[in-house]
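One structure is given below, encoded as structure tokens.
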Amino acid sequence: NIVFNTSQLVPGIYSEHIFFTSNGGEADVEMFLEVAAETPSPFPDVYRYSTGSDYLYTTNPQGEAARLKAKGYRYRGIAFRLFSPGTPGTTEFFRWFNPLKGDHFYSSHPIGGGKPLSGYILEGAIGNIATSRLNGTKELYRWYNPTTGCHFYTTNPSGEGMGRQGYRFEGIA
């Protein structure tokens with residue numbers, strides 16, 4: 001048996017000659033080892049950040065670190081999970097931003113699903129969301145504050161108490 005400790009190796013293909021000696025003779029064997037990159041989780045965490053009444057959700061906080069810091073966003077924890085792109089039974093979950101309102105809006109519809117998005121800028125997909133109820137999943141609820149014009153998203157049907165802050169339930173995102 002040959003055991004490799006790959007914990008300190010970067011992804012790639014490695015080879016080495018190993019010389020075996022036994023009662024049956026000797027052999028020089030070339031061995032190959034492929035170290036693959038870690039596979040991303042099929043259910044990426046979605047991190048919630050906020051500044052003022054704007055809530056930004058992202059699966060890539062490292063990639064957005066400069067923006068989050070520059071705009072004063074504060075980390076609020078993991079909000080929910082999505083699916084990795086290409087997962088059967090899912091579709092992309094898009095993010096828009098309205099700089100005048102200071103509001104992010106999210107939808108599985110590439111043009112907003114009937115929501116008027118005048119002034120919003122499409123920022124792209126943050127992951128995939130189920131197109132129907134799948135085992136082990138929860139609905140993602142959208143809440144809207146008519147006073148601020150801002151949206152809030154949660155898997156908590158009671159809205160995490162946002163109703164007391166002027167938010168109204170808008171349905172399943």
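The values are calculated or read from the model by the stated rules, or taken from the named source; none is laboratory data. These numbers come from a predicted model, not from an experiment. Cβ: placed from backbone, ideal geometry, glycine included. Neighbour counts: every protein chain shown. In case anyone asks, the SASA skips ligands and DNA or RNA and just uses the protein heavy atoms, side chains included. Shrake-Rupley method; radii C 1.70, N 1.55, O 1.52, S 1.80 Å.
What to note about this one:
- The helix-based estimate of mean residue ellipticity at 222 nm for the chain, built from -39,500 (n - 2.57) per DSSP H run of four or more residues and divided by its residue count, is -1000 deg cm²/dmol to the nearest 500.
- Temperature 25 °C, viscosity 0.890 mPa s: under these conditions the Stokes-Einstein estimate for the chain, based on its Kirkwood radius over C-alpha pairs, is 128 µm² per second.
- Candidate residues T87, T131: accessible-area rank, largest first, probe 1.4 Å: T131, T87
- Per residue, the solvent-accessible area of region 27-102 (1.4 Å probe, heavy atoms of protein chains only, all protein chains present) comes to 61 Å².
- Amide proton proximity set for A79, modelled H, under 5 Å, gap of 5+: V46, Y47, R48
- With N counted as the residues of region 3-65, its alpha-carbon radius of gyration over 2.2 N^0.38 Å works out to 2.15.
- Only the Cβ atoms of Lys and Arg (+1) and of Asp and Glu (-1) were treated as charged; on that basis the dipole of region 1-139 about its Cα centre amounts to roughly 1320 debye.
- Dipole in debye (nearest 20) - region 72-147, about Cα centre, beta carbon charges: Lys, Arg +1; Asp, Glu -1: 240 debye
- When only Cα pairs below 8 angstrom with a gap of at least 6 residues are kept, region 41-170 shows a relative contact order of 23 percent.
- Of the accessible area of the chain, computed with a 1.4 Å probe over protein heavy atoms only, carbon and sulfur atoms account for 53 percent.
- In this structure, the amide hydrogen of S108, modeled 1.01 Å from its nitrogen in the peptide plane, lies closer than 5 angstrom to those of F94, counting only residues at least 5 positions away or on a different chain.
- Listed residues N128, H109, T21: farthest to the positive end of the dipole of the chain (Cβ charges): H109
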